[in-house]
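Structure first, then comments.
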Amino acid sequence: MKNNIKIFLIAFLLNSCVGTSSVGIFGSGVSIAYDPRTVGMQIDDSIMQKNLTARLALRDKKYLIYISTKVLDGNIYLSGKVDEPEEKLKIIKLAWETKGARSVKTAITIKGETNFKNSAKDALITTQLRTAMIFDKNIKASNYNLDTINGKIYIFGIAISEDEKRKVIDEAKEIYSVEEVIPSIILVKELSRNKN
């Protein structure tokens, strides 16, 4: 019975091949035209992300809820909250063991280091930045994942140009009560398959 549940869980997690953050009328992958990665790169990243998510779920089911993963060009970005520092280290190790991982960056915090008031402020900061990015026509907001923890905003994504990267960082710095901006923004020309 447990094996059937594991197989169902893995099959459920591996049900799509293209970016899970892009959902529209036709389902997953509608914003493919805005993603500067090739379709092959998107598929590779999606497989890595699903693989890591499935392995995290097999380790402990609560990670499905509390840990968020994103893979861009083989770079793994982790965010969320865990109970103990040892859990954070185990998750990072698991991410590095993912086939094709080029780097692992983490915004995982330990529970108890934050409270409800800070969580509400963090949600407000993330919402303000996401809104500013959507209304700026020079920024492809769908290419970015945002996570705010204790006033520190983590920006993960792919920028079309250096100018777009600078605008995203500047927008984040302008938001009230942001303590620190931690960008992990890859330029299109820096993507592994775009290098000569």
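The values are calculated or read from the model by the stated rules, or taken from the named source; none is laboratory data. Predicted model only: the values in this text are computed from it and were never measured. With ideal geometry, Cβ positions are generated from the backbone for all residues, glycine too; neighbour counts draw on all protein chains shown.
With GLY40, GLY100, GLY112 as the choices, which residue is outside any loop (DSSP other than H, G, I, E, B), small (Gly, Ala, Ser) and surrounded by fewer than 19 Cβ atoms within 10 Å (Cβ to Cβ)?
GLY40
Counting only residues that are surrounded by 16 or more Cβ atoms within 10 Å (Cβ to Cβ) and either touching a Pro at 6+ places or on another chain (Cβ under 6 Å) or without any contact (Cβ under 8 Å) to a residue 40 or more places away in the chain (or both), how many does region 170-182 have?
Selection size over region 170-182: 1.
For region 45-78, which positions are polar (S, T, N, Q), under 12 Å from ALA101 (Cα atoms) and assigned to a strand (DSSP E or B)?
The one that is polar (S, T, N, Q), under 12 Å from ALA101 (Cα atoms) and assigned to a strand (DSSP E or B): ASN75.
Tell me, yes or no, whether region 79-97 has at least one residue that is of a type in the set (S, T, N, Q) and part of a helix (DSSP H, G or I). Spell out how you get there, then give the answer.
Narrowing region 79-97 to residues of a type in the set (S, T, N, Q): 79.
So of that shortlist, the ones also part of a helix (DSSP H, G or I) come out as none.
Taking every residue of region 79-97 in turn, none turns out to be of a type in the set (S, T, N, Q) and part of a helix (DSSP H, G or I).
Evaluate the following for LYS140: is it touching an Asp or Glu at 6+ places or on another chain (Cβ under 9 Å), in contact (Cβ under 8 Å) with a residue 24 or more places away in the chain, of a type outside the set (A, V, I, L, M, F, W, C) and exposed (fewer than 15 other Cβ atoms within 10 Å of the Cβ)?
No, not satisfied.
Is it the case that region 146-167 has a residue that's touching a helix residue (DSSP H, G or I) at 6+ places or on another chain (Cβ under 7 Å), in a loop (DSSP other than H, G, I, E, B) and touching a residue at least 40 places away in the same chain (Cβ under 8 Å)?
yes
Can you confirm whether THR106 is in a strand (DSSP E or B) and of a type in the set (Val, Ile, Thr)?
The answer is yes for THR106.
Does ILE149 satisfy being aliphatic (A, V, I, L, M) and either closer than 24 Å to ALA101 by Cα or surrounded by fewer than 20 Cβ atoms within 10 Å (Cβ to Cβ) (or both)?
no
GLU162: surrounded by fewer than 18 Cβ atoms within 10 Å (Cβ to Cβ), more than 24 Å from VAL188 (Cβ to Cβ) and not assigned by TED's automatic domain parsing to the domain that holds PRO36, yes or no? Break it down stepwise before answering.
Working: surrounded by fewer than 18 Cβ atoms within 10 Å (Cβ to Cβ): yes; more than 24 Å from VAL188 (Cβ to Cβ): no; not assigned by TED's automatic domain parsing to the domain that holds PRO36: yes.
In short, no.
Go through region 76-122 and give me each residue that's of a type in the set (Val, Ile, Thr) and without any contact (Cβ under 8 Å) to a residue 24 or more places away in the chain.
The one that is of a type in the set (Val, Ile, Thr) and without any contact (Cβ under 8 Å) to a residue 24 or more places away in the chain: ILE92.
Sort out which residues of region 42-67 are more than 16 Å from the chain's Cα centre (by Cα) and not charged (D, E, K, R), and write them in order of number.
Keep residues of region 42-67 that are more than 16 Å from the chain's Cα centre (by Cα), which gives 55, 57-62.
Matches in region 42-67: ALA57, LEU58.
What single numbered condition from (1) more than 17 Å from SER79 (Cβ to Cβ); (2) among the hydrophobic types (A, V, I, L, M, F, W, C); (3) in contact with a strand residue (DSSP E or B) (Cβ under 9 Å, 6 or more places away or on another chain) fails to hold for PHE135?
(3)
From the set of residues in region 63-93 that are touching a Lys or Arg at 6+ places or on another chain (Cβ under 6 Å) and surrounded by fewer than 22 Cβ atoms within 10 Å (Cβ to Cβ), which is farthest from VAL188 (Cα to Cα)?
Restricting attention to region 63-93, the residues satisfying the condition of being touching a Lys or Arg at 6+ places or on another chain (Cβ under 6 Å) are 66, 74-75, 77, 81-83.
Those left that are additionally surrounded by fewer than 22 Cβ atoms within 10 Å (Cβ to Cβ): 66, 74-75, 81-83.
On the way: TYR66: 30, GLY74: 14, ASN75: 14, LYS81: 30, VAL82: 32, ASP83: 36 Å.
Of everything passing the filter in region 63-93, ASP83 is farthest from VAL188 (Cα to Cα).
Quick one: which of ASN118, ASN51 is more than 20 Å from PHE156 (Cα to Cα) and either of a type in the set (S, T, N, Q) or at pLDDT below 85 (or both)? Walk me through how you get there before you give the answer.
On the way: ASN51 fails: more than 20 Å from PHE156 (Cα to Cα).
None of the others qualify; the one that does is ASN118.
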